[in-house]
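Trainee: Sharing a structure, written as structure tokens. Questions coming.
Since every read-out is calculated from the coordinates, none of them should be taken as a lab result. Please read all numbers here as calculations on a predicted model, not as lab measurements. Positions of Cβ are generated from backbone atoms using ideal geometry, with glycine treated the same way; all protein chains shown enter the neighbour counts.
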Amino acid sequence: MNRAQYEALPTDLQQIIAIAAQAEYEQGFAEANAGNARALQTLINEHSVQVRQLPSDVLQGLGNASGEVIAEMRSSGDGLMKRTIDSFLSARQVLMQWNQMTEQSFLTARALPFTYG
């Protein structure tokens, strides 16, 4: 959406657009999660795919390689690139703390063998 045109709209119309955009995002996210879960089951059950997690050393290597690319982009990029990377790294730091305290705990609890019914 054109920012100038959006900002020229009355506040109530801006809010309608914001709410509609958020609803569309949430709908798309829910559909993607449901579709991915079904697709994974198809891969496992119909195609005998064995799902495995990458070993920690591989994940560490990939993370380190990503860090090298990010550092190179930051040092050779323009001001916008530097601000974007700095913003990303700052947000990542805050989000990692949040995820450890909330998301990780939620997923651990969700994986417990609860009895339903």
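Trainee: Among A21, M1, Q50, whose Cα sits farthest toward the positive end of the charge dipole of region 1-52 (+1 at Cβ of Lys/Arg, -1 at Cβ of Asp/Glu, about the Cα centre)?
Mentor: Q50
Trainee: State to the nearest 20 debye the size of the charge dipole of the chain about its Cα centre, where the only charges are +1 on K and R beta carbons and -1 on D and E beta carbons.
Mentor: With Lys and Arg at +1 and Asp and Glu at -1, about 220 debye.
Trainee: Further question on the same structure: What's the Kirkwood radius of region 58-99 in Å, using all Cα pairs?
Mentor: Its Kirkwood hydrodynamic radius stands at 11.1 Å.
Trainee: Using θ = phi - 60° and the Karplus form 6.51 cos²θ - 1.76 cosθ + 1.60, what ³J(HN,Hα) does each residue of region 32-48 get, whole Hz, x for Gly and Pro?
Mentor: Karplus values, whole Hz, x for Gly and Pro: 5, 4, 5, x, 5, 5, 5, 5, 5, 4, 5, 4, 6, 7, 9, 10, 6.
Trainee: Right, here's the next one. Which loop-located trypsin sites (Lys or Arg not before Pro) does region 4-86 contain, where loop means any DSSP state but H, G, I, E or B and the Cβ has at most 16 other Cβ atoms within 10 Å?
Mentor: Answer by residue number: R52.
Trainee: Could I ask something else about it? Stokes-Einstein D for the chain at 4 °C, 1.567 mPa s, Kirkwood Rh over Cα pairs, in µm²/s?
Mentor: Translational D for this selection: 67 µm²/s.
Trainee: Oh, and also: Cα centroid distance between region 79-117 and region 12-74, in Å?
Mentor: If you average the Cα positions of each part, the centres end up 13 Å apart.
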